[in-house]
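The values are calculated or read from the model by the stated rules, or taken from the named source; none is laboratory data. For clarity, every value in this text was computed on a predicted model and none was experimentally measured. With ideal geometry, Cβ positions are generated from the backbone for all residues, glycine too; neighbour counts draw on all protein chains shown. Side chains included, ligands, DNA and RNA excluded: accessible areas come from the protein's heavy atoms. Shrake-Rupley method; radii C 1.70, N 1.55, O 1.52, S 1.80 Å.
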Amino acid sequence: ENKAVFDAESAKEVVKELRDSFVTGKTKSHRWRVTQLKAMLKMLDENEPQIVAALRDDLSKPEFESSLYEIQMLKNSCRLALKEMNHWMMPEKAKTSLTTFPSSAEIVSEPLGVVLVISAWNYPFLLSFDPVVGAISAGNAVVLKPSEMAPASSSLIAKLVADYLDSSCIKVVEGAVPETSALLEQKWDKILYTGNGRVARIVMAAAAKHLTPVVLELGGKSPVIVDSDINLKILTYFCVLKVATRRIIAGKWGCNNGQACIAPDYIITTKDYATKLVDSFKCELERFYGKDPLESKDLSRIVNSNHFDRLSKLMDEEKVSSKIVHGGQRNEKNLQIAPTIFLDVPVNSLIMKEEIFGPLLPIITVDKVEQSFDLIHSSGGKPLAAYLFTNNKKLKRKFVETVSAGGLVVNDTAVHLAIHSLPFGGVGESGMGSYHGKFSFDAFSHKKAVLYRGFAGDAFLRYPPYTPGKLTLLQALLSGSIVGIIRALLGWFWA
């Protein structure tokens, strides 16, 4: 009750303080960047139990998922930046042309300035600090706004940043809509937002007032196509099907119980294969989570009652509730929903119209697997991820050529997130811009073009009086055609 109100004036002061620090050039030094990333590594090492506990409080997230998918992935991002940052900061040589001969050119990466990172609740540490790693490695001052929907994590993030990182250049602002709105009123040099499309439109509208560039990491209905001809050899049939099923389970329920932007949203398979796939899911889900998944310690709970009610509404729709073939158990008091599979839900049902973001997995059937591509296109959106399980090379090629999504994975789910040499980002409704690895550094850098010339080789052609001969020769020089230059010179000589 005694906490000071964070309003637009408070946000303005925060931005001014950070901009004053940035102007000193402090964040541009390689030494400062290294110091902050090493401090972040130390922060993660020394506080892993507290981080795991906060994630348990907010989401009942299993320690395995917290340690592996949040803490370890963050450590990997820090280590990669520390290893490669010196190389990333070096100017890139660029080619020049005859037009400016003699000359040399380079592309210099410079920090954008003061940036804002607005994080999400489902992976509160990873989605907060991973972009910050990129912002720091690029030499920026940063404000981090963690999600209020994960209060224990948000509080711990604020404490850890204050204890370990340079508070004159890196700050955390906690709060909900009023605090976020106050921050968005300010002028930033870049905003990275992770969340849903509705809020993304608000962020983008606020950024447009100041011509601030944005990176939007959103979501969408990420499809999984399962080919009925997944096995090449009859003897390996059940083994291959089991592997495929396990990998879908790991990407769906093993990622925060489906509360992940890249979690499989629905499956498309052929009518004659659907029953075999459902049977495989039943077997593997029971093996992983037991006969009563609500008793399992390896499943996260639903984040809050609003999301529980939203998911319940999807499950209880009249034309969907009768399609449950596995799961369906719920505990409203503990905000738990078991892994639930639906078969042949109508494509016009609520569960197929919006991103599920939870432990529900509909299976849609088609006559031929090739019809899956038309079904994905007819959904009208470009998802953050799309997955295909097949051994058919022709189908793989068609998948890559025809499906537009932030990222594609063949014969697995979600694992592309861990590959730092790949950009992570959406397209269309699933977002814009990308980060991870060097792409994070680039996301928070301005690529400055620099051309160096001496005073030799001054071309009289560019100066008045303008003549047809000068124009012809300059046109040839600009085109880069040696033959054209020779012809222009001969024409000049004989003129």
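Some observations on this one:
- Hits in the stretch 463-486 - residues which are in contact with a helix residue (DSSP H, G or I) (Cβ under 7 Å, 6 or more places away or on another chain) and either in a helix (DSSP H, G or I) or open to solvent by 50 Å² or more (accessible area, probe 1.4 Å) (or both): Gly469, Lys470, Thr472, Leu473, Leu474, Ala476, Leu477, Leu478, Gly484, Ile485
- Here the stretch 174-189 is the region considered, the condition is being of a type outside the set (Gly, Ala, Ser) and in contact with a helix residue (DSSP H, G or I) (Cβ under 6 Å, 6 or more places away or on another chain), and the residue that is most open to solvent (accessible area, probe 1.4 Å) is Glu185.
- Single match in Phe441, Phe373 (criterion: touching a residue at least 12 places away in the same chain (Cβ under 8 Å), in the same structural domain as Val108 (by the TED database) and open to solvent by less than 10 Å² (accessible area, probe 1.4 Å)): Phe441
- Residue count for the stretch 263-288, restricted to those that are closer than 30 Å to Glu70 by Cβ and in contact with a helix residue (DSSP H, G or I) (Cβ under 6 Å, 6 or more places away or on another chain): 5
- Test: Ser305 is without any contact (Cβ under 8 Å) to a residue 12 or more places away in the chain and more than 28 Å from Leu395 (Cα to Cα): no
- Members of the stretch 101-160 found to be of a type outside the set (Ser, Thr, Tyr), open to solvent by less than 10 Å² (accessible area, probe 1.4 Å), farther than 13 Å from Ser440 by Cβ and more than 15 Å from the chain's Cα centre (by Cα), listed by number: Gly113, Val114, Leu116, Ala141, Val143, Leu144, Lys145, Pro146, Ala150, Ile157, Leu160
- Some residue of the stretch 213-220 being open to solvent by less than 10 Å² (accessible area, probe 1.4 Å) and out of contact with any Gly (no Cβ under 9 Å at 6 or more places or on another chain): no
- Yes/no for Asn86 being farther than 22 Å from Ala162 by Cα and touching a residue at least 12 places away in the same chain (Cβ under 8 Å): yes
- The one condition in (1) outside the structural domain of Arg397 (by the TED database); (2) of a type outside the set (Ser, Thr, Tyr); (3) not in a loop (DSSP other than H, G, I, E, B) that Val240 fails to fulfil: (1)
- Per-region count, the stretch 334-350, residues in contact (Cβ under 8 Å) with a residue 40 or more places away in the chain and closer than 23 Å to Leu277 by Cα: 6
- One residue stands out in the stretch 254-307 among those that are of a type in the set (Asp, Glu) and either more than 29 Å from Glu217 (Cβ to Cβ) or not in a loop (DSSP other than H, G, I, E, B) (or both): the one that is nearest to the chain's Cα centre (by Cα), namely Glu284.
- Counted residues, the stretch 420-438 - those being open to solvent by less than 60 Å² (accessible area, probe 1.4 Å) and part of a loop (DSSP other than H, G, I, E, B): 6
- Some residue of the stretch 30-47 being in contact (Cβ under 8 Å) with a residue 24 or more places away in the chain, in a loop (DSSP other than H, G, I, E, B) and of a type outside the set (Gly, Ala, Ser): yes
- Condition check for Asn76: out of contact with any Lys or Arg (no Cβ under 9 Å at 6 or more places or on another chain), open to solvent by 10 Å² or more (accessible area, probe 1.4 Å) and within 17 Å of Ala443 (Cα to Cα): no
- Residues within the stretch 443-471 that are modelled with pLDDT of 85 or more and touching a Phe, Trp or Tyr at 6+ places or on another chain (Cβ under 8 Å), tallied: 1
- Of the residues contained in the stretch 446-454, none is found to be among the aromatic types (Phe, Trp, Tyr), on the phi < 0 side of the Ramachandran plot, under 13 Å from the mean Cα position of the chain (by Cα) and open to solvent by 20 Å² or more (accessible area, probe 1.4 Å).
- When restricted to residues that are within 19 Å of Asp163 (Cα to Cα) and touching a Phe, Trp or Tyr at 6+ places or on another chain (Cβ under 9 Å), the stretch 37-58 contains 9.
- Failed item in (1) touching a helix residue (DSSP H, G or I) at 6+ places or on another chain (Cβ under 9 Å); (2) open to solvent by 70 Å² or more (accessible area, probe 1.4 Å); (3) in a helix (DSSP H, G or I), with Leu68 passing the rest: (1)
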